[in-house]
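The values are calculated or read from the model by the stated rules, or taken from the named source; none is laboratory data. Keep in mind that what you see is a predicted model, and the values were worked out from it rather than measured. Using ideal geometry, Cβ is built from the backbone for each residue, glycine included, and neighbour counts are taken over all protein chains shown.
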Amino acid sequence: MRSQNQSKALLRRPEVERRTGLKRSTIYSRMKEGSFPQSVSLGRSVAWVAEEIDAWIEERIAQREVMAA
């Protein structure tokens with residue numbers, strides 16, 4: 001189980017784009033429709049929780065496997 005004191009990693013948009021293969025406009029469109037993790041405000045910039053992005057990717061993989069079966 002994860003320790004309460006362990007910090008979570010945040011990813012900036014270029015890294016989110018690299019990991020997901022999505023571009024900026026698609027990320028924001030999917031956030032608006034609720035099908036992509038919400039960003040975290042960092043003052044004038046934003047980031048995403050790495051665990052949430054990884055979970056989103058895993059969900060896409062799981063959906064692919066269900067559709068292929």
task: Take segment 1-48 and flag every residue that is of a type outside the set (S, T, N, Q), assigned to a loop (DSSP other than H, G, I, E, B) and either closer than 23 Å to ARG60 by Cα or at pLDDT 95 or above (or both).
output: LYS8, ALA9, GLY21, LEU22, LYS23, GLY34, PHE36, PRO37, GLY43, ARG44
- request: Take segment 43-69 and flag every residue that is within 17 Å of ARG24 (Cα to Cα), more than 8 Å from the chain's Cα centre (by Cα) and either of a type in the set (A, V, I, L, M, F, W, C) or surrounded by 10 or more Cβ atoms within 10 Å (Cβ to Cβ) (or both).
  value: SER45, VAL46, ALA47
